[in-house]
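Participant: First the structure, then my questions, so here it is.
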Amino acid sequence: MLSQTIRKTITNISTTGAEINATSHLGKLGTVITLSFTIQILDQEIPLSINSTIRSVKQLENDQRILCFGIEFTELESNQVFALHSLVYQEIVENPHRAA
């Protein structure tokens, strides 16, 4: 299996997946990838490495150089689920106007 690091930006995250913007292609629909990133819950940084599947790909309308990927998290471990739920809850509490 080929392992390649591609810099990307997570623009939206939930407990089941994420929207990711990248300037290079991550793969086609159905491609299994591993996302590695760090989240911050209160004052603690938590590194995550999550198996995921690409579910959608589109170009951003306002910038054709950027690809937007819809990613579904798969095979989540219980500690990953807990961390993602904590992150989402923290965001709702700290930024209730954005949660709508």
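Participant: Does the range 46-100 classify as rounded, prolate or oblate by the C-alpha gyration tensor (a ≥ b ≥ c root eigenvalues; a/c under 1.5 gives rounded; else a/b over b/c gives prolate, otherwise oblate)?
Facilitator: Note, shape of the range 46-100 comes out oblate.
Participant: Compute, for the chain, the length of the dipole vector about the Cα centre, with Cβ point charges of +1 (Lys, Arg) and -1 (Asp, Glu) only. Units Debye, rounded to 20.
Facilitator: On the way: 7 positive and 10 negative charges, 92 e Å.
Dipole of the chain, to the nearest 20 debye: 440 debye.
Participant: Turning to a different aspect of this structure: With every protein chain in place, what's the accessible area of residue 85 (1.4 Å probe, Å², nearest 10)?
Facilitator: Ignoring ligands and nucleic acids, residue 85 comes out at about 100 Å².
Participant: Suppose the chain between residue 95 and residue 44 were pulled fully straight at 0.36 nm per residue; how much longer would it get relative to their current alpha carbon spacing?
Facilitator: The span from residue 95 to residue 44 would gain 16.5 nm if fully extended.
Participant: Just tell me the longest site-free run in the chain, where the sites are GluC sites (Glu not before Pro) in a DSSP loop having at most 16 other beta-carbon atoms within 10 Å.
Facilitator: Values: sites that count: 61, 75, 77.
It runs 1-60.
Participant: Gaussian network model of the chain, Cα springs within a sub-10 Å range: biggest mean-square fluctuation belongs to which of 39, 13, 71?
Facilitator: 39
Participant: Sort the chain into rounded, prolate or oblate with this rule: let a ≥ b ≥ c be the square roots of the eigenvalues of the Cα gyration tensor; rounded if a/c is under 1.5, and if a/c is not under 1.5, prolate when a/b is larger than b/c, oblate otherwise.
Facilitator: Because a/c hits 1.5 or more and a/b fails to exceed b/c, the chain counts as oblate.
Participant: Along the charge dipole of the chain, which of 80, 56, 38 sits closest to the positive end, that is, farthest toward it, with unit charges on the beta carbon of Lys, Arg, Asp and Glu (+1, +1, -1, -1)?
Facilitator: 56
Participant: Using alpha-carbon pairs under 8 Å, 6+ residues apart, how would you state the relative contact order of the range 17-77 in percent?
Facilitator: Values: 120 pairs, mean separation 24.6, N = 61.
Across the range 17-77, relative contact order equals 40 percent.
Participant: Can you tell me the orientation of helix 78-94 relative to the chain, as the angle in degrees between its alpha-carbon axis and the longest Cα principal axis, to the nearest 10?
Facilitator: In the chain, helix 78-94 runs at an angle near 70 degrees to the longest axis.
Participant: Got a number for carbon plus sulfur as a percent of the chain's accessible area, 1.4 Å probe?
Facilitator: Carbon-and-sulfur percentage of accessible area, whole number: 51.
Participant: Ok, one more. Averaged per residue, what accessible surface does the chain expose to a 1.4 Å probe, in Å²?
Facilitator: 71 Å²
Participant: Show that you can apply the helix-only estimate: for the chain, add -39,500 (n - 2.57) for every DSSP H stretch of four or more residues, divide by all residues, and state [θ] at 222 nm to the nearest 500.
Facilitator: Mean residue ellipticity, 222 nm, calculated: -5500 deg cm²/dmol.
The values are calculated or read from the model by the stated rules, or taken from the named source; none is laboratory data. Because the structure is predicted, anything quoted here is derived from the model rather than measured. Cβ sites come from the backbone with ideal geometry, for glycine too, and all protein chains shown count toward neighbours. We work out accessible area using only protein heavy atoms, side chains counted, and drop any ligands, DNA or RNA first. Shrake-Rupley method; radii C 1.70, N 1.55, O 1.52, S 1.80 Å.
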